[in-house]
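Notes for the one structure printed next.
We did not get these values from a lab; they are worked out from the coordinates using the rules stated. Note that the coordinates shown come from a computational prediction; the quantities given were computed from them, not determined experimentally. A quick note on method: Cβ atoms are made from the backbone with ideal geometry, for glycine too, and the neighbour counts reach across all protein chains shown.
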């Protein structure tokens, strides 16, 4: 064999018997072939066992409904994720690495094998039974141990076919399945002709003591659910070889739901006919054919049934061999097939699998139902049909599915809880129902629902979402945030909890609220608030209680906490400093329905505890809405946790002034300028002045650490970006000037006293002068991440940012068009910019927004100061 | 194939799989049909318990 042929064989080996994605031109199966293979897998004589078991608990008509309708219902639902196998050409066990972790999936795989492979021992037992019965008809007795030899020979033959490969399996099933269908039809015809039609059609089992008819019906539905859900572990190995998603899906659904179910019914017909004729239920088609018709038919059915069991063994060994290969990638497929064969052989030697058939069925479902639910919910709702294949295949540097030492704690806990939930409802060993209302959903159905809903809900919690979906960064959702969506009112049930949390979080800082002119003021009204830190969101609801309100919030808060919860607490999503007409419409909707609308007009936390210029557009909005305006001036929130160092300080007391600033009559009567001036007055603040006037001692050792971020320019030598901070000091590394911050927030250098806001405004004036002199320009390399929605950030790679008198120019990788692109923001369009000093631990950044994306821009160069860029943007917006 | 070749081949396949442009997908209509079918089956199961 040439080297090329050898390589091609190796590749084929990895694809067909391994875990490599199957590419389009390697797909082997259309709908019919996939249907035949899966039907061949499902048409095993265990179907007869299932049918005869069902006939002991329900009548024939209910049996038909259960075998077809119940089976198809469960299959139509849980088989849906199989389309991932067709789409990506992978096994579901590759996907399940995202649910259970790269090592957790190994544990689950082994659990599935342990629980599922006894099915093949059932096959082998039935094969041996059939052979023994037929020999008995001809008066031949088996030698001692002969039964075991027969069952082991089924194991050996099936394993050998699987050992040889998928081509052997395909040809086997192409011949076998149509013939087996013929056997099935023959059994049905013999059954219905050897006994009167109505004996079978009107058949009802003898009533069992202590068990109602409805309970038995539910048990039969449970048996059907459990029967079909056993396919879940191996449901993808064949569809991944399909050329079309719909075909792969329906091949599984109809393979089991029609072909498999037909044979369940065949088993029931056999059992009922045999009971009518001989007085004993039997699920052995050879015995039935020989008893009710001609022995030659029994012989032919024996041979075909023998092939059926061997074929099932072969397909099952292939499916689970590949499944194990997905998990233990270094193991050889052939070795795994041999191990599986050995396991079945051990069970055959044990010899009691048929005796425990009913219990084994339900115990199996305890494992499959949670697995199927997790896969379904993860595929459609959590990961939304996108997976990071590089992490799933554990390529170097791609660790999104490593979680906690290879185990996804979230997925595993949900799996275990789903398992336990079934046991809470029903004891499958003793057959005791514990919770009847849930039992009516069937234990499999209830466990499926419970596990799915549990997983969906827990993944909504921000911390869990971040843990479970680290891959979002690699396979992001680019869908823009829906800005038009009507904001709901604050959730009535969450509202008291929200107030309680706000009260608890502000209690230690002794929040005091003073209300002025608020007597008799009822919604709707507009609230304009000062904005200093996240504490504003704890104080505001307490100031407005008992009324619920809506709040404008930037999208990154939605991404941080989750869209659903953010909307439930009343937030409207927007992007900073864009002309958002959708936001205006939503503000109008809130007011028109009689609610309170809270806006923080500065749209950013204050850098040094002082107010920023109120845009004229706020006054215009006030005029437009024609409702009373309340101002919310909060003090202490900045001092507690300034944006340049979020660590909470001690000794801070919070205070809020709630003022009826303008009545609706005043809004209508006053000109814009006057409205603007009046509101600006009400929203003025200086946190350090508040601190000094109230002698609020903040003695934390670290109180000045981070202050060099807003105070980036040395006020002594004028050098930029040379300040550093440590403890309570800010020091210039160029000239050595040291300013010490006292416990009332004032800076001192030698005998000199400097207020932080004054230093800050001095820097602003320097930037304005630089612009006036035509010297201002920034150009540098940056790292960019886009935030399109509330779900994920998108890496836009390295780019370039230029800021000069023409505005901002951003060169970046446009992930939507998949090419390099340039965005330009004219000065008037950026009246300010959002700045962060250490955004989520990634460092200083600014943001620039379009309607569909917020770009977080981090420096990869020297000379970048978010504060300086902000000063420049604000001045350029006025003068250009 | 040595380990590097295997890795390169796997990466190539992953890139192709991620593009998966040419595998006909289930459409919205297909999903609706499947769910309607499931709904009909569920109704049959419920009626089977009540009427039979």
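Can you give the calculated 222 nm mean residue ellipticity of chain B, where each DSSP H run of n ≥ 4 adds -39,500 (n - 2.57) and the sum is split over every residue, rounded to the nearest 500 deg cm²/dmol?
On the way: 2 runs with 41 residues, N = 52.
Helix-only estimate at 222 nm: -27000 deg cm²/dmol.
Which value in nm describes the separation of the simple spin-label points at residue B:27 and residue A:420, placed 7 Å from the Cα toward the beta carbon?
4.7
From the P(r) of segment A:494-691, can you give the percent of Cα pairs sitting at distances over 24 Å? Write out the running numbers ahead of the final one.
Values: 7132 of 19503 pairs.
Beyond 24 Å sits 37 percent of the P(r) for segment A:494-691.
Roughly how crowded by other chains is peptide A:233-245, in terms of the mean Cβ count from those chains within 10 Å of each of its Cβ atoms? Before the final figure, lay out the partial values.
Numbers: counts 0, 0, 0, 0, 0, 0, 0, 0, 0, 1, 3, 4, 7.
That works out to 1 on average.
What does the convex hull of the Cα atoms come to per residue for segment A:776-879, in Å³? List each step's numbers first, then the result.
Numbers: hull volume 9.6 nm³, N = 104.
Value for segment A:776-879: 92 Å³ per residue.
Viscosity 1.567 mPa s, temperature 4 °C: Stokes-Einstein D of the protein assembly as shown from its Kirkwood Cα radius, in µm² per second?
Numbers: Rh = 32.3 Å.
D, rounded to a whole number, is 40 µm²/s.
Using the per-residue mean of other Cβ atoms lying within 10 Å as a proxy for protection, in what order, highest first, do the peptides A:573-579, A:761-767, A:194-200 fall?
Result, highest mean first: A:573-579, A:761-767, A:194-200.
Return the average number of partner chain Cβ atoms within 10 angstrom of each residue Cβ along peptide A:220-231.
Working: counts 2, 4, 0, 0, 1, 1, 0, 0, 0, 0, 0, 0.
Neighbouring Cβ atoms belonging to other protein chains average 1 per residue here.
Is the C-alpha gyration tensor of segment A:387-541 telling us rounded, prolate or oblate? Criteria: a/c under 1.5 is rounded; beyond that, a/b larger than b/c is prolate, otherwise oblate. Show your work: numbers first, answer last.
Values: a/c = 2.55, a/b = 1.55, b/c = 1.65.
The shape class here is oblate.
Hey, how many Å between the Cα centroid of segment A:610-679 and the Cα centroid of segment A:253-289?
That distance is 79 Å.
Evaluate the relative contact order of chain A (contact order divided by residue number), counting alpha-carbon pairs under 8 angstrom at least 6 apart; express in whole percent.
Here the relative contact order equals 12 percent.
Of all beta bridges DSSP finds with both residues in the protein assembly as shown, what is the antiparallel percent, to the nearest 5? Don't skip to the end; give the middle numbers.
Numbers: 57 of 78 bridges.
Of those bridges, close to 75 percent are antiparallel.
For segment A:22-470, what relative contact order do you get, as a whole percent, if you take Cα pairs closer than 8 Å and at least 6 residues apart? Each step should come with its number before you reach the end.
Numbers: 725 pairs, mean separation 140.6, N = 449.
Reported as a whole number, the value is 31 percent.
Please state the relative contact order of segment A:431-556 as a whole percent: Cα pairs under 8 Å, 6+ residues apart? Could you put the intermediate results ahead of the total?
Working: 32 pairs, mean separation 33.3, N = 126.
In percent, rounded to a whole number, it is 26.
Can you tell me the order of A:816-825, A:562-571 when each peptide is scored by its average per-residue count of other Cβ atoms within 10 angstrom, highest first?
Details: A:816-825: 12.3, A:562-571: 19.8.
Ranking the peptides A:816-825, A:562-571 by packing returns A:562-571, A:816-825.
Run the quick spin-label model on residue A:193 and residue A:335: label points 7 Å from Cα toward the beta carbon, then report their separation in nm to one decimal.
5.5
Per-residue mean of other chain beta-carbon atoms within 10 angstrom of the beta-carbon, peptide A:409-418? Working shown, then result.
Values: counts 0, 0, 0, 0, 0, 0, 0, 0, 0, 0.
Mean inter-chain Cβ contacts per residue within 10 Å come to 0.
Separation between the residue A:617 and residue A:405 pseudo-spin-labels, each 7 Å from Cα along Cα→Cβ, expressed in nm?
Output for this residue pair reads 5.3 nm.
Highest mean first, what order results for A:321-327, A:608-614 on Cβ atoms within 10 Å? Walk me through the numbers before you get to the answer.
On the way: A:321-327: 24.3, A:608-614: 20.1.
Highest mean packing first, the order is A:321-327, A:608-614.
Kindly state, to the nearest 0.05, the FRET efficiency for residue A:141 paired with residue A:208, given R0 = 25 Å and r defined as their beta-carbon distance.
Working: r = 35 Å, r/R0 = 1.41.
After rounding, the FRET efficiency stands at 0.10.
What whole-number distance in Å separates the alpha-carbon centres of segment A:338-389 and segment A:429-485?
A separation of 19 Å, based on Cα centres.
Go ahead and run the numbers for FRET between residue A:697 and residue A:724, Cβ-Cβ distance against an R0 of 30 Å, rounding to 0.05. If you can, show how the numbers build up before the last one.
Working: r = 25 Å, r/R0 = 0.83.
Between residue A:697 and residue A:724 the formula returns 0.75.
Would you mind pulling out the separation of the Cα centroids of segment A:792-818 and segment A:753-781, in Å?
The distance from the Cα centre of segment A:792-818 to that of segment A:753-781 comes to 24 Å.
Under the rule of -39500 (n - 2.57) per DSSP H run of 4 or more residues, summed and divided by the residues of chain A, what mean residue ellipticity at 222 nm is obtained, to the nearest 500 deg cm²/dmol?
Numbers: 36 runs with 441 residues, N = 880.
That calculation yields -15500 deg cm²/dmol at 222 nm.
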